[in-house]
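Colleague: Quick one: structure below, then a few questions.
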Amino acid sequence: MPLVRLKVLPVSAAAVLAACLGGGIMQGNDVGRGEPPPRIDLPRADGDAGSGLERALAGRRSVRRFTARPLTLEQAGELLWACAGRSADGVTGATRTVPSAGGIYPLRVYLAAGDVRGLAAGVYRYLPEEHELQLQSGEDRRRALAEAALGQMFIARAPASVVITARTARTARRYGARAQRYVHIEAGHAAQNLCLEAVALGLGTVPVGAFVDEGVGRVLEVDLQEEQPLYILPVGTPE
Ligand SMILES: Cc1cc2nc3c(=O)[nH]c(=O)nc-3n(C[C@H](O)[C@H](O)[C@H](O)COP(=O)(O)O)c2cc1C
């Protein structure tokens, strides 16, 4: 008897699910023979009845208008910790509030402070290991930062801005061309942490990506060959 070689057809996950639900084996757009694919109602999730994290997620929105209220040093510390701080997971030991490809941590985080109670105006680099600020410049550079951000003046009006940069070459040593992708992903993790922490503290922020690198480099006094600015996040009390 001649052997008949059966053709193996790709069966999509949706087709398998539909088959399990009693619709028989179907392929691609044929799911349900022209009927819309089945949908599953999910339990309610809008943050109202949820945890603090869920309330912060539901409350996050871009804030570009700030009151004149200063930030406190405690708030600045909480925001910076959420963005890049040190923590411990009990398994691998010391880690950070953000994941990092290969545990390389190529991001640097700065605070351009103008109106932070208990902190002289200036630009500071956050040191996650020590949870300290290291002075870069003793000038209030908020206006220069706003100008570097194509004149987005709410940056000058916020009491402080967090600026995230990446030293991409550090990640590239291990991951080559994928480093660019990885540092951008990591900046997203850090910025989102900051956005959520701001909501949790009754503050507001907006992630700003429109700026001229050279201008931000001058504000931070960093060498753009070594580190590239990725995000500016002005923080303050929402108006
Ligand atoms: C990569 C990126 C760059 C952004 N750049 C700016 C910016 O330069 N200026 C600004 O006001 N908002 C900026 N935003 C904020 C978006 O405009 C905002 O997230 C979007 O309108 C959705 O509104 P929501 O954040 O209130 O949900 C940026 C957001 C992202 C993710």
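Colleague: Hand me the list of strands (runs of 3 or more DSSP E) wholly inside segment 39-125 holding 1 or more residues that are more than 16 Å from the ligand (Cβ to nearest atom) and surrounded by 18 or more Cβ atoms within 10 Å (Cβ to Cβ). First the steps, then the outcome.
Modeller: Details: elements: 86-88, 94-96, 107-113.
Output list reads 94-96, 107-113.
Colleague: Which one of ALA56, ALA82 is out of contact with any Lys or Arg (no Cβ under 9 Å at 6 or more places or on another chain), modelled with pLDDT of 95 or more and not assigned by TED's automatic domain parsing to the domain that holds VAL163? Show your work before the answer.
Modeller: Values: ALA82 fails: not assigned by TED's automatic domain parsing to the domain that holds VAL163.
Going through ALA56, ALA82 in turn, just one is out of contact with any Lys or Arg (no Cβ under 9 Å at 6 or more places or on another chain), modelled with pLDDT of 95 or more and not assigned by TED's automatic domain parsing to the domain that holds VAL163: ALA56.
Colleague: Related question: Which ones in segment 227-239 are of a type outside the set (Phe, Trp, Tyr) and either closer than 18 Å to ALA172 by Cβ or outside any loop (DSSP other than H, G, I, E, B) (or both)? Let's see the steps before the verdict.
Modeller: Residues of segment 227-239 of a type outside the set (Phe, Trp, Tyr): 227-230, 232-239.
Residues satisfying the conditions are GLU227, GLN228, PRO229, LEU230, ILE232, LEU233, PRO234, VAL235, GLY236, PRO238.
Colleague: Further question: Which residue pairs have Cβ atoms closer than 7 Å, lie 6 or more positions apart in sequence or on different chains, and pair a first residue in segment 41-65 that is under 20 Å from LEU203 (Cα atoms) with a second residue that is part of a loop (DSSP other than H, G, I, E, B) and among the β-branched types (Val, Ile, Thr)?
Modeller: Final answer for the pair search is SER62/VAL206; VAL63/VAL206; ARG64/VAL206.
Colleague: Can you pull out the residues in segment 126-157 that are farther than 13 Å from VAL219 by Cβ and within 16 Å of the ligand (Cβ to nearest atom)?
Modeller: Answer for segment 126-157, where residues must be farther than 13 Å from VAL219 by Cβ and within 16 Å of the ligand (Cβ to nearest atom): LEU150, GLY151, GLN152, MET153, PHE154, ARG157.
Colleague: Something else: Taking the condition of being outside any loop (DSSP other than H, G, I, E, B) and farther than 15 Å from ILE232 by Cβ, how many residues in segment 137-162 meet it? First the steps, then the outcome.
Modeller: Applying the first criterion (outside any loop (DSSP other than H, G, I, E, B)) to segment 137-162 yields 137, 142-148, 154-157, 160-162.
So of that shortlist, the ones also farther than 15 Å from ILE232 by Cβ come out as 137.
The qualifying residues number 1.
Colleague: Residues GLU132, GLU74: which one is within 21 Å of VAL199 (Cα to Cα), charged (D, E, K, R) and in the same structural domain as ALA210 (by TED's automatic domain parsing)?
Modeller: Working: GLU132 fails: within 21 Å of VAL199 (Cα to Cα).
Of GLU132, GLU74, the one residue that is within 21 Å of VAL199 (Cα to Cα), charged (D, E, K, R) and in the same structural domain as ALA210 (by TED's automatic domain parsing) is GLU74.
Here is a yes/no grid of residues against (1) at pLDDT below 50; (2) among the polar types (S, T, N, Q); (3) within 30 Å of ASP115 (Cα to Cα):
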residue	(1), (2), (3)
LEU6	yes, no, no
ALA18	yes, no, no
ASN29	no, yes, no
ILE40	no, no, no
SER62	no, yes, yes
ALA68	no, no, yes
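Colleague: Hey, among VAL199, VAL212, which residue is in contact (Cβ under 8 Å) with a residue 24 or more places away in the chain and buried (at least 19 other Cβ atoms within 10 Å of the Cβ)?
Modeller: On the way: VAL212 fails: buried (at least 19 other Cβ atoms within 10 Å of the Cβ).
The conditions single out VAL199.
For every residue, the table says whether it meets (1) part of a strand (DSSP E or B); (2) in contact with a strand residue (DSSP E or B) (Cβ under 9 Å, 6 or more places away or on another chain); (3) of a type in the set (Val, Ile, Thr); (4) within 11 Å of the ligand (Cβ to nearest atom).
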residue	(1), (2), (3), (4)
ILE164	yes, yes, yes, no
ALA169	no, no, no, no
ARG174	no, no, no, no
GLU186	no, yes, no, no
LEU196	no, no, no, no
GLY202	no, yes, no, no
ARG218	no, no, no, no
GLN225	no, no, no, no
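The values are calculated or read from the model by the stated rules, or taken from the named source; none is laboratory data. These numbers were taken from a predicted model, which means no experiment stands behind them. With ideal geometry, Cβ positions are generated from the backbone for all residues, glycine too; neighbour counts draw on all protein chains shown.
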